[in-house]
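The values are calculated or read from the model by the stated rules, or taken from the named source; none is laboratory data. Because the structure is predicted, anything quoted here is derived from the model rather than measured. We place every Cβ from the backbone using ideal geometry, glycine too, and count neighbours over all the protein chains shown. Quick note on the areas: whole protein, heavy atoms, side chains included, nothing else; ligands and nucleic acids left out. Shrake-Rupley method; radii C 1.70, N 1.55, O 1.52, S 1.80 Å.
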Amino acid sequence: MRLTVFWDRMNSQFGENYAASVAKDYVLAGVGGRTVNQALADGEDVKTVWLAVCEAFDVPENLR
């Protein structure tokens, strides 16, 4: 998954402002207790981060 696709999905799922807040503030167990921004900055695979978001926020399977 490309980073641009990731952000498109985040914005579609949460809205642009809330997506930025989720990325900055919400700690995800699926990426080792880091936020989206921290995980991406650490070089975590974008798809792994997206799947962690999906799990944490119950994103429907068809949007994963």
Over segment 1-11, the set of residues at pLDDT below 95 and either assigned to a helix (DSSP H, G or I) or buried (at least 17 other Cβ atoms within 10 Å of the Cβ) (or both) is none
Subset of segment 48-58, residues in a helix (DSSP H, G or I) and either open to solvent by 90 Å² or more (accessible area, probe 1.4 Å) or within 15 Å of Arg2 (Cα to Cα) (or both), comes to Thr48, Val49, Trp50, Leu51, Glu55
Those residues of segment 1-20 which are more than 11 Å from the chain's Cα centre (by Cα) and over 15 Å from Arg64 (Cβ atoms) amount to Arg2, Thr4, Gly15, Glu16, Asn17, Tyr18
If we keep only residues of segment 32-47 that are open to solvent by less than 50 Å² (accessible area, probe 1.4 Å) and either of a type in the set (Val, Ile, Thr) or touching a residue at least 24 places away in the same chain (Cβ under 8 Å) (or both), then the residue nearest to Met1 (Cα to Cα) is Val46
Quick count over segment 16-31, residues being part of a helix (DSSP H, G or I), of a type in the set (A, V, I, L, M) and open to solvent by less than 90 Å² (accessible area, probe 1.4 Å), is 5
Checked Trp50, Trp7 against criteria (among the aromatic types (Phe, Trp, Tyr) and free of Cβ contacts under 8 Å to residues at least 40 places away in the same chain); the one match is Trp7
